[in-house]
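Participant: Below is a structure I'd like to ask you about.
The values are calculated or read from the model by the stated rules, or taken from the named source; none is laboratory data. As the structure is a computational prediction, the values presented were derived from the model and not from experiment. Neighbour counts are summed over all protein chains in view; Cβ atoms, including those assigned to glycine, are modelled from backbone coordinates with ideal geometry.
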Amino acid sequence: MPWADPTAYRLFTWGYPVTLEELDRAVTGCRACPRLVAWREEVAHVKRAAFRDQEYWGRPVPGFGPPDASIAIVGLAPAAHGANRTGRMFTGDRSGDVLYAAMHAVGLASQPTSTHIGDGLELFGVRITAPVKCAPPANKPTPQERDNCRPWLEQELVLLRPTLRAVVVLGAFGWQAVLPVLSRYWMVPVPRPVFGHGARYSLAALDGGPDLQLFGCYHVSQQNTFTGRLTPAMVEAVLAEAKGVH
């Protein structure tokens, strides 16, 4: 994996401990997947007409939320004109509109909207991340790109381990990507837990720490929300259940 800063180098070669802030900074310099690098930068250069006067982020997007979060929300990848533009997960697109409104409704976010970095949004006890950190063409990362990106998610969950009690996964892609990562600290059953909206599994800890509650939720994509397959109330119900985990 190409390293753009020394934090990433020592993380992936020697396993030195880093802080979440250091990890986030290192993520933004990753260039491991040529197809994703080319796409995210092309989108940032060409831009969408509605955002032609804005400077796009055009880099990998780190997770967002406090380092002592008890809940992790795992999506798929940054949207080309959402997080790839704004530099913050689920920010500046319709999917984020649904997610942050639901989070605010159950007391996990300070406001129901997320438009840009510096808009005042705070998350309470929850961190949002993704198994693929770069915007992919057609929102479809390849299995190899997912695997290239896995060490970032692994280290993120390592750093969250002391406080993490629940993981909410948005969509089947994220579900399949996160299960191998969770197996580092928790016992993932065989056969593996099956994704479904409202699914809940309890994973026993392997390290003597607390167990983990794993939740499934349909992805907050327009394909799901515009068709009514996923409603705001459905998202709120899963988030409220995760919030109740202690």
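Participant: Which ones in region 217-236 are among the hydroxyl-bearing types (Ser, Thr, Tyr) and surrounded by 19 or more Cβ atoms within 10 Å (Cβ to Cβ)? Spell out the reasoning first.
Facilitator: Here is the first cut: in region 217-236, the ones among the hydroxyl-bearing types (Ser, Thr, Tyr) are 218, 221, 225, 227, 231.
Correct list: 218, 221, 225.
Participant: Give the residue, chosen from 214, 239, 157, 164, that is assigned to a loop (DSSP other than H, G, I, E, B), buried (at least 20 other Cβ atoms within 10 Å of the Cβ) and on the phi < 0 side of the Ramachandran plot.
Facilitator: Numbers: 214 fails: assigned to a loop (DSSP other than H, G, I, E, B); 239 fails: assigned to a loop (DSSP other than H, G, I, E, B); 157 fails: assigned to a loop (DSSP other than H, G, I, E, B).
Only one candidate qualifies: 164.
Participant: Scan region 139-154 for residues that are buried (at least 21 other Cβ atoms within 10 Å of the Cβ) and not in a helix (DSSP H, G or I) and jot them down.
Facilitator: Listed by number, the list holds a single entry, 141.
Participant: Might you check whether a residue that is hydrophobic (A, V, I, L, M, F, W, C), within 19 Å of the chain's Cα centre (by Cα), modelled with pLDDT of 95 or more and part of a loop (DSSP other than H, G, I, E, B) occurs anywhere in region 191-204? Give the derivation first.
Facilitator: Initial filter on region 191-204 (hydrophobic (A, V, I, L, M, F, W, C)): 194-195, 199, 203-204.
Now drop any that are not within 19 Å of the chain's Cα centre (by Cα), which leaves 195, 199.
Subset that is modelled with pLDDT of 95 or more: 195, 199.
Next cut, part of a loop (DSSP other than H, G, I, E, B) only: 195, 199.
Scanning region 191-204, I find at least one residue that is hydrophobic (A, V, I, L, M, F, W, C), within 19 Å of the chain's Cα centre (by Cα), modelled with pLDDT of 95 or more and part of a loop (DSSP other than H, G, I, E, B), so the answer is yes.
Participant: Further, regarding this structure: Read through the list (1) touching a Pro at 6+ places or on another chain (Cβ under 9 Å); (2) modelled with pLDDT of 95 or more, then give the number of the only condition that residue 172 fails.
Facilitator: (1)
Participant: Quickly run through region 31-54 and pick out the residues that are of a type outside the set (Lys, Arg), closer than 17 Å to residue 80 by Cα and touching a helix residue (DSSP H, G or I) at 6+ places or on another chain (Cβ under 8 Å). I'd like the intermediate steps shown before the answer.
Facilitator: Going through region 31-54, the residues of a type outside the set (Lys, Arg) turn out to be 32-34, 36-39, 41-46, 49-51, 53-54.
With the extra rule that they be closer than 17 Å to residue 80 by Cα, the set shrinks to 33-34, 36-39, 41-46, 49-51, 53-54.
Scanning region 31-54 gives 33, 36, 39, 43, 44, 51, 54.
Participant: Among the listed residues 69, 44, identify the single one that is touching a strand residue (DSSP E or B) at 6+ places or on another chain (Cβ under 9 Å), at pLDDT 95 or above and among the hydrophobic types (A, V, I, L, M, F, W, C). Walk me through how you get there before you give the answer.
Facilitator: Numbers: 44 fails: touching a strand residue (DSSP E or B) at 6+ places or on another chain (Cβ under 9 Å).
When all the criteria are applied, what remains is 69.
Participant: Further question: When both residues are 6+ apart or on different chains and their Cβ atoms are under 8 Å apart, which pairs have a first residue that lies in region 131-157 and is modelled with pLDDT under 95, and a second that is of a type in the set (S, T, N, Q)?
Facilitator: Pairs that qualify, where the first residue is modelled with pLDDT under 95 and the partner is of a type in the set (S, T, N, Q), are 139/221.
Participant: Determine whether residue 181 is buried (at least 18 other Cβ atoms within 10 Å of the Cβ) and free of Cβ contacts under 8 Å to residues at least 60 places away in the same chain. Spell out the reasoning first.
Facilitator: On the way: buried (at least 18 other Cβ atoms within 10 Å of the Cβ): yes; free of Cβ contacts under 8 Å to residues at least 60 places away in the same chain: yes.
Yes.
Participant: Every residue in region 27-56 that is hydrophobic (A, V, I, L, M, F, W, C) and touching a residue at least 40 places away in the same chain (Cβ under 8 Å), please. Talk me through it step by step, then tell me what you get.
Facilitator: Taking region 27-56 as the starting set, the residues that turn out to be hydrophobic (A, V, I, L, M, F, W, C) are 27, 30, 32-33, 36-39, 43-44, 46, 49-51.
Once the filter is applied, which keeps residues that are hydrophobic (A, V, I, L, M, F, W, C) and touching a residue at least 40 places away in the same chain (Cβ under 8 Å), region 27-56 yields 27, 30, 32, 33, 36, 37, 39, 43, 44.
Participant: In region 93-100, is there at least one residue being assigned to a helix (DSSP H, G or I), more than 16 Å from residue 153 (Cα to Cα), touching a residue at least 12 places away in the same chain (Cβ under 8 Å) and among the β-branched types (Val, Ile, Thr)?
Facilitator: Residues of region 93-100 assigned to a helix (DSSP H, G or I): 94-100.
Checking the rest, the ones that are also more than 16 Å from residue 153 (Cα to Cα) come to 94-100.
If we keep only those that are touching a residue at least 12 places away in the same chain (Cβ under 8 Å) as well, we get 94-100.
From the residues that got through so far, the ones that are among the β-branched types (Val, Ile, Thr) too are 98.
Yes, there is a match, as at least one residue in region 93-100 is assigned to a helix (DSSP H, G or I), more than 16 Å from residue 153 (Cα to Cα), touching a residue at least 12 places away in the same chain (Cβ under 8 Å) and among the β-branched types (Val, Ile, Thr).
Participant: Still on this structure: Check whether at least one residue in region 148-169 is of a type in the set (A, V, I, L, M), in contact with a Pro (Cβ under 9 Å, 6 or more places away or on another chain) and more than 18 Å from residue 66 (Cα to Cα), and report yes or no.
Facilitator: Of the residues in region 148-169, the ones of a type in the set (A, V, I, L, M) are 153, 157-160, 164, 166-169.
Among the residues that remain, those that are also in contact with a Pro (Cβ under 9 Å, 6 or more places away or on another chain) are: 153, 158-160, 164.
From the residues that got through so far, the ones that are more than 18 Å from residue 66 (Cα to Cα) too are none.
No, because not a single residue in region 148-169 is of a type in the set (A, V, I, L, M), in contact with a Pro (Cβ under 9 Å, 6 or more places away or on another chain) and more than 18 Å from residue 66 (Cα to Cα).
Participant: Now a separate question. Taking region 34-87 as the search range and keeping residues that are over 23 Å from residue 155 (Cβ atoms) and among the hydroxyl-bearing types (Ser, Thr, Tyr), which one is surrounded by the fewest Cβ atoms within 10 Å (Cβ to Cβ)?
Facilitator: Filtering first and then ranking leaves 56.
Participant: Sticking with this one: Looking at this structure, is residue 53 in a loop (DSSP other than H, G, I, E, B), over 15 Å from the mean Cα position of the chain (by Cα) and over 25 Å from residue 181 (Cα atoms)? Steps first, answer last, please.
Facilitator: Working: in a loop (DSSP other than H, G, I, E, B): yes; over 15 Å from the mean Cα position of the chain (by Cα): yes; over 25 Å from residue 181 (Cα atoms): yes.
Criteria met by residue 53.
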